[in-house]
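Written below as structure tokens is the structure these notes are about.
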Amino acid sequence: VIGMQSELEEAARSLVAESIVEPAPFTAVEARAKAIRSRGRRLRNAGIGSASLILIAVVALIVHSGGTAQHTVVVRGAGSSNVVPVQCCEGENGFALNGIVPTVRPHCVADVKNVTLALTQSRLSFTFSCSEVLHNPRRVEVAAVSKVATRRNAARRAAKIVAYEKQLGVYGDVVKGHREYPDDVRSDTFTIGVAGSDYLCAQAGNLQFRANEIRDAAHGGESAVHWLKIEAARIAGLCPEKLATLYDTVQRAGATEAVASVRPLLASAGGMFACPTEPFVEPTGALGPTTTVPNVLNGGDPWAPIQEVAANYARRHYGWKIPEIGPVYAVASQPVEIQGVTLHGAALAQNVTLCGEQAVRSSFIADIWAPHAPGPVRSAAELVVGLFPSGWKVWGEYPQSS
Amino acid sequence: VVDFEPWYVREHARVSTSVYLLFGSLDVARDATDEAFARALARWDRVGAMASPGGWVTTVAVNVARRSVRRSKQEARLASSQPDASLTVPLPNPELWAAVAALPDRQRSAVVLRYVADLSETEIAKVMRVPRGTVAAALSRARTTLETTLADDRGV
């Protein structure tokens, strides 16, 4: 065995000397580090920080407040292309799904076979056949939605917003004389895919912006509670890690009662999962890992009882025969910086936070996946496991693919 | 505080090779290593002052790789398989590294982190999130297994 030790040491030295993975140039590491630092600043400042973020916010405000954006339609006729600037995009959605066909239809004339709509702000272009533009506009919209559905996870986030709105009872409500955005998953998918979510998420902590919104809502006869239900549903679907910021801002804007009313509704009925009704037991000593166990960035903790409960849950509820599970990590140990890397853990932690301090102290997140799951079934999930008087139980879940 | 750039040049091969051996994918190793060193640089005032910046960056690289590997079905399959078949880069001492790749997960991780990443048993325990005694036991069992396997292969 001592010989083996020497052989391993020697073999490892040779292997490392081979340098099988080429190191990235130092400038690339510097650029990546800069992005990480910037991400941290952006989170710390809750949307008001670096120059780039201010720029995003300004653009977002222009769009949000009904500014006009300059896009183009490229008309491809026989042997030539004609670029036509388009003045468009009234309203907060930038270029709305139902604006596509009216925008391109006038250019489908004579021998023009295709038109390309170039949305310059979002660097997207869509090419449609004039035949479909003229005779089957719905297919044009379906193609446009398909193109952006996975961009920025748009389809899933849109579905979540609508689900939250339905659960809060505000889906499809007419507010101030018009139907509130989003009016359906398709158009919302398009909006998020094209415009992203910064125009809403970056405003979660903007006190002046929120105060104006609440005042305008009141002028239109809308209650602060109704207004907050819609805003909270959007934030919960788009950037749930900003929900606490939104509540705090709305409280500072004076709508304390609205927060008191909406927060528990979203936590219990409209959150990703409901808060448990039985009390938590705080895991201490031998009962379980404490909140000082490593967080998600540092690997979590392979704490077997929690892993076992999570694996049993996946077997029973997802039908995974041989689930695989990684280390677990304490919700209370989630560092702020993970919220910038869009881990689902951040969204889960946010939902747990809505259920109170005791839930945070007693809950852990377990990553679980089914490497051998056949076909397009749920293949990965993050589970929230809490300690109750009857033992460890899964009380929240976030299946990541379906 | 150590100077970052020479440290990066010196440590990169150790970290990237370790991640490669643990996860069996060159792409995962490259990306996780780059991310880990970038995170180290982003907070170098703290990481550079640590007793073992190498241990820190290895831990982060392994964790980034773990998460990355889980994220897609394809990568999940990769994570669940023994990586011997997916070691696509020709390695020196192929017989030895194939035997290492065939070890049970915990033993394989302990061997790679001990000999390739050059971490202490305490640091390995932190990366693997197991008690130090478990690391020592895994290393001991791994060495015995390797000795037997290689002796058989070599017809000793």
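The values are calculated or read from the model by the stated rules, or taken from the named source; none is laboratory data. Keep in mind that what you see is a predicted model, and the values were worked out from it rather than measured. Neighbour counts run over all protein chains shown; Cβ positions are idealised from the backbone, glycine included.
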Legend entry - Matching option when the condition is more than 9 Å from chain A (Cβ to nearest Cβ), surrounded by fewer than 22 Cβ atoms within 10 Å (Cβ to Cβ) and closer than 13 Å to A:PRO23 by Cβ, among B:ARG30, B:ARG10, B:ARG46: B:ARG10
Inset, instruction - Quickly run through the stretch B:126-136 and pick out the residues that are closer than 18 Å to B:VAL15 by Cβ and surrounded by fewer than 24 Cβ atoms within 10 Å (Cβ to Cβ). - result: B:LYS126, B:MET128
Legend entry - Residues satisfying the stated conditions in the stretch B:137-149, i.e. more than 8 Å from chain A (Cβ to nearest Cβ) and surrounded by 15 or more Cβ atoms within 10 Å (Cβ to Cβ): B:ALA137, B:ALA138, B:LEU139, B:ARG141, B:ALA142, B:THR145, B:THR149
Inset, instruction - Within the stretch B:7-52, track down each residue that is among the small types (Gly, Ala, Ser), assigned to a helix (DSSP H, G or I) and free of Cβ contacts under 8 Å to residues at least 60 places away in the same chain. - result: B:ALA13, B:SER16, B:ALA29, B:ALA32, B:ALA36, B:ALA38, B:ALA40, B:ALA42
Legend entry - Selected residue [within 24 Å of the chain's Cα centre (by Cα), modelled with pLDDT of 80 or more and assigned to a helix (DSSP H, G or I)] from A:ALA359, A:ALA366, A:ALA349: A:ALA359
Inset, instruction - Within the stretch A:222-256, track down each residue that is of a type in the set (Gly, Ala, Ser) and closer than 18 Å to A:GLY169 by Cα. - result: A:SER223, A:ALA224, A:ALA232, A:ALA233, A:ALA236, A:GLY237
Inset, instruction - Specify the residue that is nearest to B:VAL112 (Cα to Cα); the eligible residues are those in the stretch B:82-97 that are at pLDDT 80 or above and surrounded by 16 or more Cβ atoms within 10 Å (Cβ to Cβ). - result: B:TRP97
Inset, instruction - Among the candidates A:SER19, A:SER14, single out the residue that is facing chain B (nearest Cβ under 7 Å), modelled with pLDDT under 85 and under 30 Å from B:TRP97 (Cβ atoms). - result: A:SER19
Legend entry - Residues of the stretch A:380-396 classified as under 12 Å from A:TYR318 (Cα atoms) and surrounded by fewer than 21 Cβ atoms within 10 Å (Cβ to Cβ), total: 0
Legend entry - Single match in A:GLU222, A:GLU213 (criterion: surrounded by 15 or more Cβ atoms within 10 Å (Cβ to Cβ) and in a loop (DSSP other than H, G, I, E, B)): A:GLU222
Legend entry - Residue selected from the stretch B:102-117 under the condition touching a helix residue (DSSP H, G or I) at 6+ places or on another chain (Cβ under 6 Å) and surrounded by fewer than 19 Cβ atoms within 10 Å (Cβ to Cβ), by the criterion farthest from B:ARG14 (Cα to Cα): B:ALA102
Inset, instruction - Being at pLDDT 90 or above and in contact with a Ser or Thr (Cβ under 9 Å, 6 or more places away or on another chain) is the filter here, so list the residues in the stretch B:37-60 that pass it. - result: B:VAL57, B:THR58
